């Protein structure tokens, strides 16, 4: 049965971006241990795809634990509103989306260029309206992010794909048909897009070599709550039996494992003890093992994680970024900052994105000794870092530079923190509440 839910508040009351000009700075005085409690936000990478999934029904979707102040959430809100959807946010991370009266199936370049996740409106639009036109995606400059697998999957389900003036247009005038789709390699975005397209396709779709990330499981659970029929979530083979329509639902966004991991590394570097509220070690085993080897104590206490380091950091390690459940590429830069403080340093091999060492020159400005050969970085440690003016190059690099500033002597100033605002809610406030000497310097008003 269809479910209609009233929005929490009116759209005009949605939060404004942290900085319209994007020139805020973050300044850190290093040397302070961390003691306190940090509330973990809902996962950005889950929240974005869940917002896209709201396009699959004309009923209202309601979400809790939504990181509503993130720049990426605000950007995607503009994308959905440009299509005709209504997005309303309320207190404590609540959001309601109604896509009953969609007036356009085209996502414009000016919005999509800011964030790659915007491309994930294509699957829902194609499934429900039999067509979608989306600009080639943008996002962090961490390497090429081809959309070939997305398009291959759509074509296997009966859609035609054309490139027109920088826009990808997919069309299935007779509707999508279930198909067997095998990805040549694991792709999170392609898995998400095809999963959403398949829930309204006629027949059965099987996705082989599917991504297993917790955010995909969260998406699948939301779709099931909307009436979808899905099996195999969290495995490499997902089976979807298409249904005629989906209805509204209430869904709580899963906690952000990358934010959780970032603060775990912060406590490991700065020392002290912090409690991470509403966080789980379940999806962070690849990070926990090397942290424990470095002398960090990690305890699951009901729904919280307690992270403590009282003695010196011990040995570093060698890691390789991999798809889940391997070491997350989104924690690679932060872990590199940690290795500069470990005995013997360590080595990191990046296998997901080819340009994800752009933070290395900035860390070198702070005294880090890091050499790169191919896709492998060798970090010497322990190194005494000194404060410097540094520039964020992408979302996770910006977090790594803040962490480096926590242990550096003197003052570190991080520029271009609009990258940080894409994926971390109130990072400087959360760290400051735990004793860090950190502040945001707002952009000057034009």
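The values are calculated or read from the model by the stated rules, or taken from the named source; none is laboratory data. Bear in mind the structure is a predicted one, so any value in this text is a computation, not a measurement. Note that we place each Cβ from the backbone using ideal geometry, even for glycine, and neighbour counts take in every protein chain shown.
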Exercise. Test residue 292 against the criterion of being in the same structural domain as residue 311 (by TED's automatic domain parsing) and in a strand (DSSP E or B), and give yes or no.
Key: no
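Conditions (1) buried (at least 17 other Cβ atoms within 10 Å of the Cβ); (2) touching a strand residue (DSSP E or B) at 6+ places or on another chain (Cβ under 7 Å); (3) free of Cβ contacts under 8 Å to residues at least 60 places away in the same chain, marked per residue:
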{"position": "129", "(1), (2), (3)": "no, no, yes"}
{"position": "159", "(1), (2), (3)": "yes, yes, yes"}
{"position": "163", "(1), (2), (3)": "no, no, yes"}
{"position": "189", "(1), (2), (3)": "yes, no, no"}
{"position": "198", "(1), (2), (3)": "yes, yes, no"}
{"position": "201", "(1), (2), (3)": "yes, yes, no"}
{"position": "222", "(1), (2), (3)": "yes, yes, no"}
{"position": "227", "(1), (2), (3)": "yes, no, yes"}
Exercise. Look through the stretch 291-318, keep the residues that are surrounded by 22 or more Cβ atoms within 10 Å (Cβ to Cβ) and touching a helix residue (DSSP H, G or I) at 6+ places or on another chain (Cβ under 6 Å), and return whichever of them is farthest from residue 236 (Cα to Cα).
Key: 309
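Residue by residue, here is whether (1) under 19 Å from residue 215 (Cβ atoms); (2) assigned to a helix (DSSP H, G or I); (3) within 18 Å of the chain's Cα centre (by Cα) holds:
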position	(1), (2), (3)
67	yes, no, yes
73	yes, yes, yes
77	yes, yes, yes
88	no, no, no
92	no, yes, no
97	yes, no, no
102	no, no, no
Quiz item: Tally time: how many residues in the stretch 267-278 are crowded, with 22+ Cβ neighbours inside 10 Å and either at pLDDT below 95 or under 15 Å from residue 426 (Cα atoms) (or both)?
Solution: 1
Exercise. Confirm whether residue 81 is in contact (Cβ under 8 Å) with a residue 12 or more places away in the chain, farther than 23 Å from residue 215 by Cα and surrounded by fewer than 23 Cβ atoms within 10 Å (Cβ to Cβ).
Key: yes
Quiz item: Out of 396, 440, which single residue is under 24 Å from the mean Cα position of the chain (by Cα), within 26 Å of residue 344 (Cα to Cα) and surrounded by 16 or more Cβ atoms within 10 Å (Cβ to Cβ)?
Solution: 396
Quiz item: Do you know which residues across the stretch 319-345 are more than 20 Å from residue 283 (Cβ to Cβ), touching a helix residue (DSSP H, G or I) at 6+ places or on another chain (Cβ under 9 Å) and without any contact (Cβ under 8 Å) to a residue 40 or more places away in the chain?
Solution: 345
Self-check item: Every residue from the stretch 165-186 that is modelled with pLDDT of 95 or more, surrounded by fewer than 17 Cβ atoms within 10 Å (Cβ to Cβ) and under 15 Å from residue 210 (Cβ atoms)
Solution: 180, 182
Quiz item: What about residue 112, is it surrounded by 18 or more Cβ atoms within 10 Å (Cβ to Cβ), assigned by TED's automatic domain parsing to the domain that holds residue 191 and more than 25 Å from residue 228 (Cα to Cα)?
Solution: yes
Practice problem: Give the residues of the stretch 357-369 that are touching a strand residue (DSSP E or B) at 6+ places or on another chain (Cβ under 8 Å) and over 14 Å from residue 381 (Cα atoms), sorted by residue number. | Solution: 357, 360, 362, 365
Quiz item: Of the residues in the stretch 320-364, how many are buried (at least 17 other Cβ atoms within 10 Å of the Cβ) and part of a helix (DSSP H, G or I)?
Solution: 14
Quiz item: If we keep just the residues of the stretch 230-262 that are free of Cβ contacts under 8 Å to residues at least 24 places away in the same chain and out of contact with any helix residue (DSSP H, G or I) (no Cβ under 8 Å at 6 or more places or on another chain), which is farthest from residue 292 (Cα to Cα)?
Solution: 231
